[in-house]
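The values are calculated or read from the model by the stated rules, or taken from the named source; none is laboratory data. Computed from a predicted structure; not experimentally measured. We place every Cβ from the backbone using ideal geometry, glycine too, and count neighbours over all the protein chains shown.
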Amino acid sequence: MLLVATDGRSKSSVVGRILRRGTVTNEERKKLFDELLAKKNSGGLKAKDRLAIPPQEIPEQDATARRGNVSEVALGYTEEQARIEALRCLQCKNAPCVEGCPVRIRIRDFVGAVAEGDYRQALEIIKENSLLPAVCGRVCPQEVQCQEKCTVGLSLKDVSKAVSIGRLERFVADRDSSCGEGVPPLRDEAILASFFEGVSPSLPWPGSMGMDQTTPNSSLRSCHSLPSRMFCSMPPWKLSGPWAMT
């Protein structure tokens, strides 16, 4: 059972060790996930339990290895990490995080879908308003936007302990690309929203240019010569992996 003291610190054997030590092993993370999932499925995962879940640190390249390359330092969440992080969300009825999002993504709903393991649904929700979740999840300043409004961070009086919305957005987009599931249909509103978000103001809608809309690389690579701020101002390692410009 996941018990929480009045100061918000968990008394669960697994979570307690993590909080005291500040690090977590893969075995402890798996036990924590199984414990949280069982409690959620039984309807017993309360707000105080969610607040006690330790924020999930994103894996990074080894410092020695990254000296010899220009790949991304942050490697992205594992599936367990993503679902644990998503379970930290309090699912607020008024969803204040949405007010902090420039394109008004339904953050509560996509994070809830991640917690359920429904990554396709999560991506479909994001794609209602955003064209480039893999990019935005990496480079948007969430700490002064959606995460600044997050009730979890406000409750813990530390924005760095807010739900990591950007990392979850990145996880969903990267997983979809690596699984080869293609891109779900985009609403017209997503095009306009992406313009105001400031990430891709010069990118035309791929379909209007006769480009393949189902393969992320085809659209982006075909637009390589366009004067997009995404291509002109972002270092290559910010767009590595399936979204790389080569």
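Points to keep in mind about this one:
- Flag if Leu2 is crowded, with 16+ Cβ neighbours inside 10 Å, modelled with pLDDT of 85 or more and aliphatic (A, V, I, L, M): no
- Number of positions in the stretch 136-146 that are more than 11 Å from the chain's Cα centre (by Cα) and among the polar types (S, T, N, Q): 1
- Among the candidates Leu45, Leu51, Leu36, residue that is modelled with pLDDT of 90 or more, farther than 25 Å from Arg138 by Cα, among the hydrophobic types (A, V, I, L, M, F, W, C) and not in a loop (DSSP other than H, G, I, E, B): Leu36
- Restricting the stretch 144-173 to residues that are out of contact with any Cys (no Cβ under 9 Å at 6 or more places or on another chain) and among the small types (Gly, Ala, Ser), the residue that is nearest to Pro102 (Cα to Cα): Ser164
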